[in-house]
1. Check which residues have an amide H placed less than 5 Å from A:VAL95's amide H, if you skip close sequence neighbours.
2. Only four residue types carry charge here, +1 at the Cβ of Lys and Arg and -1 at the Cβ of Asp and Glu. Report the dipole size of segment A:7-87 about the Cα centre in Debye, rounded to the nearest 20.
3. By the gyration tensor of its Cα atoms, with a ≥ b ≥ c the square roots of the eigenvalues, what is the shape of segment A:7-87: rounded for a/c under 1.5, prolate for a/b over b/c, or oblate?
4. Return the distance in nm (one decimal) between the two label points of a simple spin-label model at A:TRP171 and B:ALA54, each offset 7 Å from Cα along Cα→Cβ.
5. Go through A:ALA41, A:ALA137, A:LEU58 and say which Cα lies farthest out towards the positive end of the charge dipole of segment A:14-137; charges sit on Cβ, +1 for Lys and Arg, -1 for Asp and Glu.
6. Per 0.36 nm of contour for each residue apart, how much would the distance between B:LYS94 and B:SER32 grow if the chain were fully extended, relative to their Cα-Cα spacing?
7. On a C-alpha basis, how far is the centre of segment A:5-44 from the centre of segment A:64-124 in Å? Whole number, if you could?
8. To the nearest 0.05, what FRET efficiency results for B:ALA73 and A:ARG67 with a Förster distance of 51 Å applied to their C-beta separation?
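All of the numbers you see were taken from the coordinates with simple rules; none came from a lab. Not measured: the values here are computed from a predicted model. Here the Cβ is made from the backbone with ideal geometry for all residues, glycine too, and neighbour counts use every protein chain on show.
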Protein chains: 2
Amino acid sequence: MYDADMSLPHALLGLLIVRPRSGYELTKEFESHIGRHAWAAGHTSIYPELNRMAENGLVEVTHEGARGSRTYAATEAGRAELRRWMFDRDRSRKVRNEEVLRMFLISALDPDDAVAYLRGIAEESAEKAAELAKLLAATGPIVQGDPEKFGLLAAEYGRRQYEAVHGWAEWAITQITGQAAEESRSSRATAS
Amino acid sequence: MYDADMSLPHALLGLLIVRPRSGYELTKEFESHIGRHAWAAGHTSIYPELNRMAENGLVEVTHEGARGSRTYAATEAGRAELRRWMFDRDRSRKVRNEEVLRMFLISALDPDDAVAYLRGIAEESAEKAAELAKLLAATGPIVQGDPEKFGLLAAEYGRRQYEAVHGWAEWAITQITGQAAEESRSSRATAS
DNA sequence: AGGGGCATGTAACATGTTACATGATTGT
DNA sequence: ACAATCATGTAACATGTTACATGCCCCT
């Protein structure tokens, strides 16, 4: 079977389950939401992966169009594989989250830099949350299984995440600056 | 200079800025918090990377101990590089977040599976949030620059994130089940 | 003296990225 | 007819992972 921690084939399966697409269309999909927020991939990894998946029976070519384009659809085996992967609770998975890494590394900056960095985060997360709120307001309620609504659960997830990050950044700033203010007060007191 | 999107050397720099360590100690560090929540790395990538970083003057060996152990410290150039990387706002960075990918792919599951999956998420996020809350309660307030407190900002970040995920999962469940209840009501109404 | 953990490394393999490459179709 | 975009691919390189490999030191 497929390795538990291979994400690209599963991302492709998910998209193909919702709606059959060509490699080219999948590539474009990865240039927008899914690629910018969840998993990046270029056509040079997508095309070989589709061929491999076709060999393994997870997808099949349902239509050949102009310019040699091939439309792929998920097979029954493909659906089963995505389901297996989603419910696979083997958390030996390797984390690789640059955002969170930066959060850890804030502790390695000196206080002024840390606060400057956090202000940037606060600003950025507020923007992103607002952006997603706008996107969600522009579309109707979420309907499971509606291809048009694909990714809206993820969008709401993102919106809440960004709001949480915003709150956290502001909290973190008060932690550091509050403490700095404290220190300068006590050092003045000691000095006098 | 170093590529903007290489995270391992920067993770190592961050740890070495806080406190000089050997490759072995760094490896162990990656087995606990930072490796489980932010960035995974094994000794087979850490040792070669340290050698490369030493060649490039980002770190230096400050002590050679028993069993051929070498203690590394960040150089001034290393500190500057970490700072540069932290503030590098070039967001051409490739996202690769399996968690978020799964959120996207929920839309590809049928409603029963989606709800089951979300229940799992709700449970897991509540557990993780509680775990971090406990960890945070057990340690004192955060003091910037205190090596003992390294990662506490990240811990609070994680706690808030998990709480947000929990709230989202419960909201998402009501979205789907509420909608399913609606549907069965209306189909009964249509049938009668 | 021997087991367990400390401490580092190399080699083969899998995966992913960048650069290079080609040709078909559509719209103007 | 020509430019833009559609549509797919290969090859060289960089990176990361797994398996294999070695030896030292400390404790009992």
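1. Close amide H contacts, sequence-distant or interchain: B:ALA40.
2. Computed charge dipole of segment A:7-87: roughly 160 debye.
3. Note, shape of segment A:7-87 comes out oblate.
4. 4.1 nm
5. A:LEU58
6. Fully extending the segment from B:LYS94 to B:SER32 adds 19.8 nm.
7. 13 Å
8. For B:ALA73 and A:ARG67, the calculated efficiency is 0.35.
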